[in-house]
Every structure is written in C-alpha cells, then in structure tokens.
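Every number here is computed from the coordinates shown, using simple stated rules; none is lab data. Nothing here was measured: the structure is a model prediction, and the numbers come from that model. For neighbour counting, all protein chains shown are included, and Cβ atoms are generated from backbone atoms with ideal geometry for every residue, glycine included.
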Amino acid sequence: MEKNITVTDTHGNLIGTTYPKRAKGLVKNGRAEYIGDCEIRLNTQAPIINDTEVKNMSKVIDFNAREFKFDESCTSNVGSRMIVTDSDGDNVEMFEIGDWGWSWTQIKCSKQLEKNTDYLFRFAMTGGINDTEDAVSQFIIYHGNEWEDRLVYPLDKSRFKPVLSKKTENGMLRIYEISFNSGDFEDYVFMFVAQKAVAAFFTAKPLEKYVSLEDYSYDQWQSERMEQQNAANDCNDMVNCDLAGAVISEKMLEKLLNSGIKNLDLAGAVIHSDDEDCYDSNDTCDEQASDKDDITCEIEETVSDAIKSAYENVKAQYEAAPKGSMEKSILKQVMEGFLKESRR
C-alpha cells in the first residue's frame, strides 16, 4: 500500500504523508479531518499536541549545533557556537550567526539519507529580523552538488510560516518543521544563511514545552517596534552623550542642544569661542612666527586631540545604539559635528 495521503498542520503546512488506513484512523479518533480525498489536517483540539504519532510517519531530524560548521566557500562568516541557559534552566547548545552589517554568513552540515523517504527537519530560532526589514535569514536544502536544485525557505519576517511562534523575554521564538522527501538521492546538505541581523539556531523542544508562552507573530513584533520608534521620535532626552573633558566650540554646543540632546555630560569640558582660531588662511602651526602664536598653536593641537578623543567616545556610543533608532541618528550628527570641528 502506498503512502499517498498528505498530512498538514492547522496552518496548512505540510508535515508528511501517510497510508490511507492510518489517515482513516486519525480522523475516526478525532485527531484530524479530511480536507480533500488525499489530504487530512491535524486537529489541535485533539490530544496530539506532542504529535509523536504523526512524526513517526516521517523520519525526524533535529537540529544539532555540533553538526554544523561555517561554509568555507563564504569568506565573510561571522558567528560562534555557544552554550546558553534558557528560561527553563536548561543548557542549550546553539549556533549564532550573522551581524547587523553586510557580513554574509553560511553554516552547513552534510547528511546521508535514505532514498524516497519522508523526512521532517525541526529547529528553533531567535532573531533573524531587524527594524529596517531587510534582513536575510534562510534555511536551504540541496542534494549532492546540485545547488541549482535547492529548496530555499525564507525565515525573515516569517515568510515561511513557523509551526509555532512565541514571545520570550528577549524577543520572539519560532519553531520550524520542514518536511521533504529525499527522492532518488542520499547525500544532502542543510544550510542556514544570515545577513544584516543576528540569528540563533538550536534544537527545538517538544511543542507542549512552549504552551505557557504567549503566542507572538512577526507582525506583532514589527508593530511594537514601530510604536517604540515613534515614541523615541517624540522624546527629546533619550540620548546620553558623554563629552566629559572635550574641547568644543560654542557653535557646536549650540547644534548639539538644538538636536534634542538633554543628557549631555560636559564635566571638565572646555568650550571656546568660535573666534579663537589658531590658523589664519592656509597657514600651518609651523608657519606661525611669534612665540605667542606658537603657544596658541600648541593649545590648538591639544584641542584637536581632545576632539579626537571625544569623537571616539561618541563613535562607541553610535556603534552600540540600535540600528535605525533615533539615538543612532542623533549620535551620527554629533560625530559629523566633531569631524567638521577637527578640520577648522
């Protein structure tokens, strides 16, 4: 007898296939319902939340961080394999890849599978999304060296719907179950890709372990992020700018205050008049004639060093600020002001 009955979850995602007799049994027990002559859909109201029986229809492959390595053909890999403690107090081994920049990162593992067999690949992930909605986060399957015949599952923005999406203390947790048939091939490659957002992948627990967590979709996350950004735009004192010990001009200080910065640390800072210029036209310090001018130039060099130091301080704050935030935008203006000041 052929396994020709398709099994899908409540979202319509393919789980696998089963025999007609087995399908009738699931429907009779109230665990599924017929969607068509050759398809049944699981019923979440039935006690099948651990879906052990359904997964037995396919061979389950759980994500294992130790099986994955950086793809050597990718020269910009960023990330690391690590062990963290989750909210249940369990130690979890995960692979965290990508950054908030342009570093394209790929990790992969190779597996020998049985031909013409149904498989279910399960994994959990966090991250892989950003405020600007241009992150790349993908899961890819291909056999042998047949890259052109690959299957690509876009995970960013949940474009490929997870079987479970929950809210956690640190953001959003998604569980994916990718079903596929090995066909006439045995050697397969599983790959994860990330760019412009950090993504972490780890072994998924049984679905019932996540029941206590609040359901949370990508759309909800994105909506909340937009609200936070809008609130930040209306706030004038959200930036802590440390200019302690810096030497800045009155004009630059005025620009900083007008930009909305309120938490401005000026302890020990020296504010000089915009008319206190060392340089006249294109003259350099070495070209100044009098001893008085030499002293003035020495002071100006010290001022320049202080500006550089302050610039590096603000730069560190800029790099740590959330991407796309108002804080990052204002700190960028501060940095540009320092650069202009250094060229005076």
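Extending 7 Å from the Cα toward the beta-carbon at both Thr132 and Thr75 defines two label points whose distance is 2.3 nm.
Working note: Karplus 6.51/-1.76/1.60 with θ = phi - 60° gives segment 100-116 the couplings 8, x, 9, 5, 7, 10, 9, 10, 8, 9, 10, 9, 9, 10, 7, 5, 6 Hz, where Gly and Pro are set to x. Separation of the alpha carbons by more than 30 angstrom is noted, of Lys59/Lys196; Lys28/Lys111; Lys161/Lys196; Lys111/Lys161; Lys108/Lys161, for Lys59/Lys196; Lys28/Lys111.
Karplus-based coupling profile of segment 208-216, in residue order and whole Hz: 5, 5, 9, 4, 6, 7, 6, 4, 7, with θ = phi - 60° in 6.51 cos²θ - 1.76 cosθ + 1.60 and x standing for Gly or Pro. FRET efficiency for Thr117 and Glu312, Cβ-Cβ distance as r, R0 = 56 Å, nearest 0.05? FRET efficiency, Thr117 to Glu312: 0.45. Of the peptides 14-23, 60-69, the order by per-residue mean of other Cβ atoms within 10 Å, starting with the highest, comes out as 14-23, 60-69. Just check segment 117-173 against the gyration tensor rule for me: Cα atoms, a ≥ b ≥ c as the square roots of the eigenvalues, rounded for a/c under 1.5, and otherwise prolate or oblate depending on whether a/b exceeds b/c. Note, shape of segment 117-173 comes out oblate.
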